[in-house]
Amino acid sequence: MRRAMFVVWAALLIAPFAAQAADYPERAIKAVIPFGAGSATDIIPRIAFDRLGSELGQTIVVENRGGAGGTIGTAAVAKADPDGYTLLTTSSAHTIAPALYPALSYDTAKDFEAVGAIGSVPNVLIVAPSRGLKTIQEFVAAAKEKPNALSFASLGVGSAVHMSAERFRVSAGYEAVHVPFKGGAEALTEVMAGRVDYYFCPIATALPFIRDGKLLALAVSSKTRAASLPDVPTTLESGFKDSDYTFWIGVFAPAKTPHDIVDKLNAALIKTVQAPEVKDKLTALGVETANMSPAAFEAQVKAELGSYGAFAKAAGMKMN
């Protein structure tokens, strides 16, 4: 009798969540991007979100909440209701933050459910043609000749582009001045104008300016050459060990979001980024689209929390 009552009680508890997942979504979904407009972490998801909204039958409303290396917007999502209606769309900066911000108001490992990855994109080392640096070897020689004479842009301490620049700098063995910006558009403008010397910029945002001759690409941070820049070498093949960095963009939900909702979002996301009209646009920007389950994406995030966190501390990456 007691066992029968327990089964009925458990069923009553589970039923509302099952119904919620089956009916989800019943209204618009908000996707918080914790970086400014114009960055790759903003441009790439927006390409996918119209189709994702169609897959889910609801509108995806994007809200940019930049600042503090992406931690301000991320903190807001960590505190949101775990109902699937507030999502975080962020970059691999997500796994660096704990090493740089010891007083975070959220726990990167515990306060989020990994939904899935949109894709990864190489960062490309860009300089203004007026600098007169034609190769990555010439660049490193110039950087070593006068320590801290060169400056580099990022989207804030702990951003994915900051990590990419630091991994290369440590491998190459030179010192440089870090100049953080709130958005990618501003960083690109300053590099093109020559006021900042270089930038490890996502190919997605740098490519049009490289093709127009306004910027020169010296190397990419991926393990293999980028299809959109086949003549540009990788930092690894240029002789700089452990200088590679994978810049991904993915989607998360607040912890305790029902697994059925997470699975539904994941299935719709995979279908979206593999749809020809979306995949073609992303590929043109140098994005390698993903096909990852929530569990696989979660495993990648946990691995990076350890490895990249250790690197950030060893490299002396910290808030100014």
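The values are calculated or read from the model by the stated rules, or taken from the named source; none is laboratory data. Note that the coordinates shown come from a computational prediction; the quantities given were computed from them, not determined experimentally. Quick reminder, even Gly has a Cβ in these numbers, built from the backbone with ideal geometry, and neighbours come from all protein chains shown.
Residue 187 versus (1) part of a helix (DSSP H, G or I); (2) in contact (Cβ under 8 Å) with a residue 60 or more places away in the chain; (3) over 16 Å from the mean Cα position of the chain (by Cα): which is the lone unmet condition?
The failed condition is (2).
Out of 139, 112, 209, I need the residue that is assigned by TED's automatic domain parsing to the domain that holds residue 81 and at pLDDT 95 or above. Which one?
Criteria check complete, one pass: 112.
Taking the residues in segment 147-161 that are out of contact with any Asp or Glu (no Cβ under 8 Å at 6 or more places or on another chain) and part of a loop (DSSP other than H, G, I, E, B) as candidates, determine which candidate is nearest to residue 201 (Cα to Cα).
In this case the residue turns out to be 155.
Name the single residue that is surrounded by the fewest Cβ atoms within 10 Å (Cβ to Cβ) among those in segment 60-100 being of a type in the set (Ser, Thr, Tyr) and in contact with a Phe, Trp or Tyr (Cβ under 9 Å, 6 or more places away or on another chain).
Going through the qualifying residues, I end up with 85.
Got a sec? Which helices (runs of 4 or more DSSP H) wholly within segment 215-320 have at least 1 residues that are surrounded by 21 or more Cβ atoms within 10 Å (Cβ to Cβ) and among the small types (Gly, Ala, Ser)?
By residue number, 294-314.
Just to check your reading of the model, which residue among 161, 177 is β-branched (Val, Ile, Thr) and closer than 19 Å to residue 95 by Cα?
Working: 177 fails: closer than 19 Å to residue 95 by Cα.
After ruling out the rest, the residue left standing is 161.
Is it the case that segment 250-272 has a residue that's outside the structural domain of residue 188 (by TED's automatic domain parsing), under 17 Å from residue 123 (Cα atoms) and out of contact with any Gly (no Cβ under 6 Å at 6 or more places or on another chain)?
Yes - at least one qualifying residue is present in segment 250-272.
Can you list the helices (runs of 4 or more DSSP H) lying wholly within segment 58-146 that have 1 or more residues being under 16 Å from the mean Cα position of the chain (by Cα) and within 24 Å of residue 189 (Cβ to Cβ)?
In segment 58-146, the matching helices (runs of 4 or more DSSP H) lie at 71-78.
Provide a single number: the residues in segment 159-202 that are over 19 Å from residue 143 (Cβ atoms) and crowded, with 21+ Cβ neighbours inside 10 Å.
Number of matching residues: 6.
Anything in segment 211-236 that is in contact with a Ser or Thr (Cβ under 9 Å, 6 or more places away or on another chain) and not polar (S, T, N, Q)? List them, or say none.
Of segment 211-236, the ones in contact with a Ser or Thr (Cβ under 9 Å, 6 or more places away or on another chain) are 218-228, 233-236.
Answer for segment 211-236, where residues must be in contact with a Ser or Thr (Cβ under 9 Å, 6 or more places away or on another chain) and not polar (S, T, N, Q): 218, 219, 220, 223, 225, 226, 227, 233, 236.
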